[in-house]
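For reference, the structure discussed in these notes is given below.
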Amino acid sequence: LKNGIEVAREFPVLLNYKSFEKTFFIDLFVDNGIVYEAKIAAAITGSHRAQTLNHLFLTDTQHGKLVNFRPVEVEHEFVSTKLDSESRKQLQISDKNWLNVNSESKRFKDLVTGLVLDWGAFLSLESYREAAIHFFGGAAEVCRDAELFYGGRIIGKQSLNYLTPETVFAFSAVGDGYASMRNQLQKMINLVPPKYMHWVNLHQQSLEFSALTRER
């Protein structure tokens with residue numbers, strides 16, 4: 001408490017869902033309502049703004065400030081949002097391109113739906129992905145390299161997230177680039193041993209589930 005203002009440094013925020021837990025630390029949390037993020041960088045970047053927004057969503061607050069101490073003249077800018085926890089849970093869910101290819105398919109889809117309905121949209125995409133990895137056995141079980149085959153030859157390796165030996169999953173957060181992302185993922189699944197890819201695209205308040213099948 002300083003001059004009647006409550007200031008918490010390295011303020012911990014716990015994000016959890018059932019047995020999954022992840023803790024974020026906010027540089028300064030003032031009066032339980034304003035997020036401050038301090039940086040030492042060449043310039044404030046989009047990733048810094050995204051991190052600050054993520055912390056606003058985690059604390060269900062609307063106002064934050066980025067401060068960069070590295071330049072000769074200290075940089076600072078406000079980061080704000082009108083979204084609250086309830087509005088972030090108002091989702092449009094589409095599964096018209098989905099296919100339950102095995103017993104883990106439905107479990108995966110139900111898990112991701114539950115995660116997004118519980119946490120809301122707009123959080124860091126990595127948090128949803130990490131939770132999915134946790135519930136399907138952890139990184140050692142899920143995150144593995146697959147060999148890339150082209151013309152009957154091995155041309156490299158690609159890190160994938162496995163649900164089963166034949167099924168992998170991927171997350172993205174694209175809007176206008178949706179078709180391009182779909183093409184990229186289709187090309188990937190055509191080159192690796194797994195036959196199916198479950199793709200989750202979470203863009204703003206749109207949650208779309210798709211299943212891609214190897215074409216070769």
Could you tell me the accessible area of Arg49 in Å² (1.4 Å probe, neighbours in place), rounded to the nearest ten?
90 Å²
Accessible-area order (highest first, 1.4 angstrom probe) of the listed residues His63, His203, His198, His48:
His63, His203, His48, His198
Over segment 1-78, what is the relative contact order in whole percent, taking alpha-carbon pairs under 8 Å and six or more residues apart?
25 percent
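Inverting the mean 1/r over all pairs of different Cα atoms, compute the Kirkwood radius of segment 170-216 and quote it in Å.
Final number for the Kirkwood radius of segment 170-216 is 10.9 Å.
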GNM flexibility winner over the chain from Phe169, Phe69, Phe57 (Cα, springs under 10 Å)
Phe69
Pairwise centroid distance, computed over Cα atoms, of segment 74-129 with segment 174-206, Å:
16 Å
For His198, the net charge from surrounding residues (Cβ-Cβ under 10 Å; K, R +1; D, E -1) works out to 0
Determine the relative contact order of segment 63-211: mean sequence separation of Cα pairs under 8 Å and six or more apart, normalised by residue count, in whole percent.
25 percent
Name the lysines eligible as straight-distance cross-link partners of Lys96: C-alpha to C-alpha under 19 Å, and not fewer than 8 places from it in the same chain.
Lys106, Lys109
Just one of [x] 7, 28, 30, 21, 11, 3, 0, 0; [y] 8, 31, 34, 18, 8, 1; [z] 7, 22, 29, 23, 14, 5, 1 is P(r) over Cα pairs in 10 Å bins from 0, in percent as worked out from the coordinates here. Which one is it?
[x]
Could you sort Asp176, Asp110 by accessible area so the largest value comes first, with the probe set to 1.4 Å?
Asp176, Asp110
Compare the Cα positions of Leu212, Ala170, Ala8 along the charge dipole of the chain (+1 at Cβ of Lys, Arg; -1 at Cβ of Asp, Glu; about the Cα centre) and return the one farthest towards the positive end.
Leu212
Probe 1.4 Å - accessible area at Trp98, Å² to nearest ten
40 Å²
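The values are calculated or read from the model by the stated rules, or taken from the named source; none is laboratory data. Everything numeric here is computed off the predicted structure, so don't read it as measured data. Here Cβ is always computed from backbone atoms with ideal geometry, including for glycine, and neighbour counts include all displayed protein chains. For the accessible areas, the whole protein counts, side chains as well, though only heavy atoms, and no ligand, DNA or RNA atoms are used. Shrake-Rupley method; radii C 1.70, N 1.55, O 1.52, S 1.80 Å.
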